[in-house]
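Before any comments, here is the structure.
The values are calculated or read from the model by the stated rules, or taken from the named source; none is laboratory data. What you see is a predicted model, and the numbers here were worked out from it, not measured in a lab. Here the Cβ positions follow ideal geometry from the backbone for every residue, glycine too, while neighbour counts run over all protein chains shown. Just so you know, the surface numbers come from the protein's heavy atoms only, side chains and all, with ligands and any DNA or RNA stripped out. Shrake-Rupley method; radii C 1.70, N 1.55, O 1.52, S 1.80 Å.
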Amino acid sequence: MISGPNQGRPYFFCGIGGSGMLPLALILRAKGCQVEGSDRSLDQGRLAQKFQFLRDHGIALHPQDGSGLTRPDQILVTSAAVEETVPDVQAARRLTLPVMRRAELLAQLFNAAPQSIAVGGTSGKSTTTGMIGWILHHAGRDPTIMNGAIMKNFITPQIPFAGAVVGGGDVFISEVDESDGSIALFNPKIAVLNNISLDHKTMDELRSLFRDFVSKAQVAVLNLDNVESLALAAALSPRSVSTYSLVDPNAHLFAHDLRPSLEGIDFVVTERETGDEANVYLQMPGVHNVSNALAALCAARGCGVSLREAAEALSGFTGIKRRFERVGSAKGVTIIDDFAHNPDKIAATLATLHAFPGRLLVLFQPHGFRPLTHMRKELVTCFAENLSEGDVLVMPEPVYYGGTTERLTTSADIVREVKAGGRDAFAFADRPACGDKLVSLAQPGDRIVIMGARDDTLPEFAADLLKRLG
């Protein structure tokens, strides 16, 4: 049983199937807490395997109609996406139950850990969190890991949704989120900042959040190849900063001699202080993953793991679900499923794919109307500049699961402007129509790339496309 202000009280997770909610619920359940929950996907009959997995772990599930909240000692846990009008929230208010945001509860657990590592930044958080977790697991530290994505290394027949690992050691590793400002709740011993670029907030808001985040840590791990995090490194005491780079040999860890392939990438890393070198092979392609690996190596060094041991562990890291994940090939067409949803992530994925021959057929499903409006100009520029001649962009309307939101920008708006920029693009009202278009376009040698976030059915869509091609 966990200790703290909520000790002994049962938790009810509204939206328990969410990528940040499910792993936290599992951590609490594994620590002896009573956990129940609801989810609108469950009510809609979607994602049955996920909800059966939760039941198998002793978590009772209820309709999202308020009926699961009946006892005065319950604590309602919600994600930032859950609105006051949701019946579970209304029921909690009527019963005067405590209502906590997911991030508040996670921060309570995280801040109580003797050794805490928080991973922040606009891109690469889930991969870097998984890498750090695997290195410390490999080193026998038995860490607890809280991730927003499924870590392939920790998948077992009993745990197919391995977004969390409950360890018995002192280390707690967690991805932390800037999109809702909750990163401010975390007080890490080691703060990892991969990069800062436009996503959910303005650049000024992001700069402030990330500056405060790294300033609280005993050690700040910073990327010298990102202009914004480079500026932060210059403003902090050198004794509290650990830096990494692919271009600056003065960084604490410097990657060089990169050898990319379709299946992964090799590189050499040099540690400035000791002069030690280690060879690293990553089982995932892309220069951006070398940067993620350097961040993980810096964090591991901060925990006392040797460079060589950490590099050896990374070579056994098999990756994160929906991060440049090869679904399969049929009739000479390869399908790749990827979480890319903001301009930096999309550009990194396209650059990795363009390093090898073959036309790209890209389905991009925006993860909401609000972020689509916020990033409209940058998304248009990203696709216009990073798609090659002959590539095709196909877009359905953004993810929408209900609630109040303004539809100021649509996928058709993005497509119209991308076409004005000289690239082929199509917009459709729904995803099935997009699938029909992709199948009709596909030719041997093409790569179909499924991009998007906040929708657990995208992998199913990718697998269905593969069947249709076959």
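Considering the stretch 236-251, and only residues there that are farther than 24 Å from Gln283 by Cα and part of a loop (DSSP other than H, G, I, E, B), the residue that is most open to solvent (accessible area, probe 1.4 Å) turns out to be Asn250.
Residue-wise test of (1) within 26 Å of Leu109 (Cα to Cα); (2) at pLDDT 90 or above.
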| position | (1), (2) |
| --- | --- |
| Ser182 | yes, no |
| Asn187 | yes, yes |
| Asn194 | yes, yes |
| Glu228 | no, yes |
| Ala231 | no, yes |
| Arg239 | no, no |
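Condition check: in a loop (DSSP other than H, G, I, E, B), among the polar types (S, T, N, Q) and closer than 25 Å to Thr373 by Cβ. Does Ser197 satisfy that? Considered against the rule, which asks whether it is in a loop (DSSP other than H, G, I, E, B), among the polar types (S, T, N, Q) and closer than 25 Å to Thr373 by Cβ, Ser197 comes out as yes. Can you tell me which residue within the stretch 404-448, out of those that are among the aliphatic types (A, V, I, L, M), free of Cβ contacts under 8 Å to residues at least 40 places away in the same chain and assigned to a helix (DSSP H, G or I), is nearest to Gly328 (Cα to Cα)? Result: Val439. Looking across the stretch 326-340, the residues that are more than 21 Å from Val192 (Cα to Cα) and either in contact (Cβ under 8 Å) with a residue 60 or more places away in the chain or small (Gly, Ala, Ser) (or both) come down to Val327, Gly328, Ser329, Ala330, Lys331, Gly332, Val333, Thr334, Ile335, Ile336, Asp337, Asp338. For the stretch 76-99, a residue qualifies if it is in a strand (DSSP E or B) and either in contact (Cβ under 8 Å) with a residue 40 or more places away in the chain or more than 30 Å from Val214 (Cα to Cα) (or both), and the qualifying residues are Leu76, Val77, Thr78. Filtered by the rule that a residue be at pLDDT below 90 and either open to solvent by 60 Å² or more (accessible area, probe 1.4 Å) or outside any loop (DSSP other than H, G, I, E, B) (or both), the stretch 1-30 gives Met1, Ser3, Pro5, Gln7, Ser19.
In this entry, Met131 is excluded by the filter for residues that are part of a strand (DSSP E or B) and either in contact with a helix residue (DSSP H, G or I) (Cβ under 9 Å, 6 or more places away or on another chain) or crowded, with 24+ Cβ neighbours inside 10 Å (or both). Scanning the stretch 399-440 for residues that are touching a Ser or Thr at 6+ places or on another chain (Cβ under 7 Å) and of a type outside the set (Ser, Thr, Tyr) yields Leu408, Ala427.
Is there a residue in the stretch 102-125 that is open to solvent by 10 Å² or more (accessible area, probe 1.4 Å), out of contact with any Cys (no Cβ under 8 Å at 6 or more places or on another chain) and either acidic (Asp, Glu) or over 23 Å from Leu193 (Cβ atoms) (or both)? Looking through the stretch 102-125, at least one residue is open to solvent by 10 Å² or more (accessible area, probe 1.4 Å), out of contact with any Cys (no Cβ under 8 Å at 6 or more places or on another chain) and either acidic (Asp, Glu) or over 23 Å from Leu193 (Cβ atoms) (or both). Counting only residues that are surrounded by 14 or more Cβ atoms within 10 Å (Cβ to Cβ), modelled with pLDDT of 90 or more and among the charged types (D, E, K, R), the stretch 196-226 holds 3 of them. Residues being over 14 Å from Leu360 (Cα atoms), open to solvent by 20 Å² or more (accessible area, probe 1.4 Å) and touching a Pro at 6+ places or on another chain (Cβ under 8 Å) are represented in the stretch 431-452 by at least one member. Can Ala184 be described as closer than 28 Å to Ser208 by Cβ and open to solvent by 10 Å² or more (accessible area, probe 1.4 Å)? Criteria met by Ala184. Might you let me know whether the stretch 349-370 holds any residue that is farther than 27 Å from Leu282 by Cβ, part of a helix (DSSP H, G or I) and of a type outside the set (A, V, I, L, M)? Taking every residue of the stretch 349-370 in turn, at least one turns out to be farther than 27 Å from Leu282 by Cβ, part of a helix (DSSP H, G or I) and of a type outside the set (A, V, I, L, M).
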